[in-house]
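The structure appears below as structure tokens.
Please treat every number below as a calculation from the coordinates, not as lab data. Since this is a predicted model, take the numbers as computed values, not measurements. No Cβ is skipped: glycine too gets one built from the backbone with ideal geometry, and neighbour counts run over all protein chains shown.
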Amino acid sequence: MSKHILIVGGGYVGMYAARGLRRLIRSGEVTVTVVDPRGYMTYQPFLAEAVGGTIEPRHVVAPLNRVLKGARVLTGHVTRVDHEARTARFQPVQGPARTLTYDILVMAAGSITRALPIPGLAEHAVGFKSLGEAVHLRNHVLAQLAAAASTDDPLVRRRALTFVVVGGGFSGVEALAEMQGLADEALRYHDGIEPADLSWTLVEATGGILPELHPGLGRWTVDALRARGVDVRLETRLTSAEGGVARLSDGTSLEAGTLVWAAGGRPSPLAADSGLPVDEAGRLRATEYLTVAGLADAFTAGDGAAVPDLTRPGRFTAPNAQHAVRQAKLLARNLAAHVRGGRLKAYRHAYLGSVAGLGHHQGVAQVHAIRLTGFLGWLAHRAYHLAWVPTFNHKARVLADWGLSMVFRREAVQLTAVEHAGEDFRRALAADDLGRAARPALPAPATPAARPAG
């Protein structure tokens, strides 16, 4: 009898596990349903380059319907799981919620932005975890430059040219670096603004940045950013963003026209809300076989799972793409073995290292004991991530984008109207209504006299 596998989440774990199952499972052996809020997988290491304009945003995502042929892809949210009953409550993007039944559950909901109760953060900051946020940030940076070039008010100008990024991990550092690269390119089209007029600040609560790399590479990155005019504030926290003013724990206040929150993530609350076993951080308790501890027919991996790291006893695997992709591939094999009553294999992967792009043809990379900086680090960053882009089609498109960006300058057009596409239409309707109300009423036309008969 065919088993129904429900995969909650279409990110690294969900997509790669479903792809692996397609290759391992015989026809009719299982049916697979993947539920994801967006319907596409985002290759997050390239979000920064989407902001900078070196990669077209559409090439950063892989549509699940196209990649997962043979699987059923549902766009919407799983709001609750009742594993004892083998049911999940599903809320589609449109229409009423309904109940999905399953035989085997794969929890791959991943993580969401980790927010802190900082006054003004929700109103004045933008996150950096989704493609929509990356596109918005690119448009916003270009709009701020245009605003600064179009005003005579020095306070408005200073605010528009002040950029603050909170978070010294990969997302924050790469976002700031690509934003700066984009701004430097765009300034050639704005007379009267020099690179020195722009203020760039990176805020990090700990004593170093890029914590997954060797500390020496983190220090090199701090020096490289400072050489490019970035004010790197270590052991500093954002305490308030009220009124668009970034107030820091060291007493500094910055009128920030752009405030980016990239201070990490936290596990999706779905597992905890559904009564599944989670640890104190909200991660699903997992075994080394990628099963949910204490539950039958339940598997998990990725950012939202506490997977034991067998190479470092007593610790858990880091929440990064390197582990997520490798866990997903083993997860597919273990799911196939589980369906057939076979033995599961334990996940064991020694951390290879990490790479980070810093824009301006600079980067840092660590592969085992090898450490690269500058141009070689930048090449290693691109080569590593290109290898993990999910399809040949997307690899070719990314390569084409890179090739074009080496020959031609980046496009510096802001498309903020795309984010509010209906506003011009509504403004036109409102103006038409006002115009009709202001015009004097015309007298009614006279009724023509009746023509005489004959």
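Let me know the charge dipole size of region 245-402 about its Cα centre in debye, to the nearest 20, where only the beta-carbon of Lys, Arg (+1) and Asp, Glu (-1) is charged. Working shown, then result.
Details: 17 positive and 10 negative charges, 153 e Å.
Taking the Cα centre of region 245-402 as origin, the dipole is about 740 debye.
Show me the trypsin sites (Lys or Arg not before Pro) within region 1-33 that DSSP assigns to loop and that have at most 16 other Cβ atoms within 10 Å of their Cβ.
In loop regions of region 1-33 (DSSP not H, G, I, E or B), the sparsely surrounded trypsin sites (Lys or Arg not before Pro) are Arg26.
Amide H neighbours of Ile112 under 5 Å, at least 5 residues apart or on other chains, H built in the peptide plane: list them.
Arg266, Ser268
With each run of n ≥ 4 DSSP H residues scored as -39500 (n - 2.57), what mean residue ellipticity at 222 nm is computed for the chain after dividing by its residue count and rounding to the nearest 500 deg cm²/dmol?
-10500 deg cm²/dmol
Apply the Karplus curve 6.51 cos²θ - 1.76 cosθ + 1.60, θ = phi - 60°, to the phi angles in region 361-373 and return the couplings in whole Hz, x for Gly and Pro.
Each residue of region 361-373 in turn: 6, 10, x, 9, 8, 9, 10, 6, 8, 7, 10, 10, 9 Hz.
So if the hydrodynamic radius of region 161-269 is defined as the Kirkwood radius over C-alpha pairs, what does Stokes-Einstein give as its diffusion coefficient at 37 °C and 0.692 mPa s, in µm² per second?
226
Going by average Cβ neighbours within 10 Å, how do the peptides 285-293, 160-168 rank, with the highest at the top?
Listed from highest to lowest mean packing, they are 160-168, 285-293.
Would you mind checking the pairs Lys129/Lys345; Lys3/Lys395; Lys69/Lys129 and listing those with alpha carbons more than 30 angstrom apart?
Violating the 30 Å limit, Cα to Cα: Lys129/Lys345; Lys3/Lys395.
Starting from 0.36 nm per residue, how many nanometres of slack lie between Ala400 and Leu155 once their C-alpha separation is accounted for? Show your work: numbers first, answer last.
Details: separation 245, 0.36 × 245 = 88.20 nm, distance 4.12 nm.
Stretched fully, the Ala400-Leu155 segment lengthens by 84.1 nm.
Take the Cα pairs of the chain, get the Kirkwood Rh, then feed it into Stokes-Einstein at 10 °C and 1.306 mPa s and tell me D in µm²/s.
65
Give me the compactness ratio for region 53-196, meaning the Cα radius of gyration over 2.2 N^0.38 Å.
Normalised Rg, Cα atoms only: 1.46.
Of the DSSP beta bridges with both residues in the chain, give the percent that are antiparallel, rounding to the nearest 5.
50
Which value, in debye to the nearest 20, describes the size of the charge dipole of the chain about its Cα centre when Lys and Arg Cβ atoms bear +1, Asp and Glu Cβ atoms bear -1, and nothing else is charged?
The dipole of the chain has a size of about 2000 debye.
Around Arg80, which amide H atoms from residues at least 5 apart in sequence, or from another chain, sit under 5 Å from its own amide H, with H modelled in the peptide plane?
Arg89
Convert each backbone phi in region 118-125 into a coupling constant with the Karplus relation 6.51 cos²θ - 1.76 cosθ + 1.60 (shift: θ = phi - 60°), then list the ³J(HN,Hα) values in order as whole Hz, x for Gly and Pro.
9, x, x, 5, 5, 7, 10, 10
Can you give me the Cα centroid spacing of region 48-104 and region 322-382 in angstrom?
Each part reduced to its Cα centre gives a spacing of 24 Å.
Would you mind putting 131-138, 271-278, 92-99 in packing order, based on average other-beta-carbon counts within 10 Å, highest first?
Numbers: 131-138: 20.8, 271-278: 17.4, 92-99: 10.0.
Taking the mean over residues of other Cβ atoms within 10 Å, the ranking is 131-138, 271-278, 92-99.
Using a simple charge model, +1 on the beta-carbon of Lys and Arg, -1 on the beta-carbon of Asp and Glu, nothing else, what dipole does region 70-192 show about its Cα centre, in debye to the nearest 20? Write down the numbers at each step before the final one.
Details: 12 positive and 12 negative charges, 92 e Å.
It works out to roughly 440 debye.
May I ask for the net charge around Asp273, where only other residues with Cβ less than 12 Å from the Cβ of Asp273 are counted and Lys, Arg are +1 while Asp, Glu are -1?
Cβ neighbours under 12 Å give a net charge of +1.
So, by mean Cβ neighbours within 10 angstrom, what's the order for 238-245, 312-319 with the highest one leading?
On the way: 238-245: 17.1, 312-319: 14.2.
Those peptides, ordered most packed to least, come out 238-245, 312-319.
Find the relative contact order for the chain and round it to a whole percent, using C-alpha pairs within less than 8 Å whose residues are 6+ positions apart.
Relative contact order for the chain comes out at 17 percent.
If each Cα of region 176-223 is one equal point scatterer, what is log10 of I(q)/I(0) from the Debye formula at q = 0.18, 0.26, 0.33 Å⁻¹?
Debye curve over Cα of region 176-223, log10 I(q)/I(0) at q = 0.18, 0.26, 0.33 Å⁻¹: -0.68, -0.97, -1.23.
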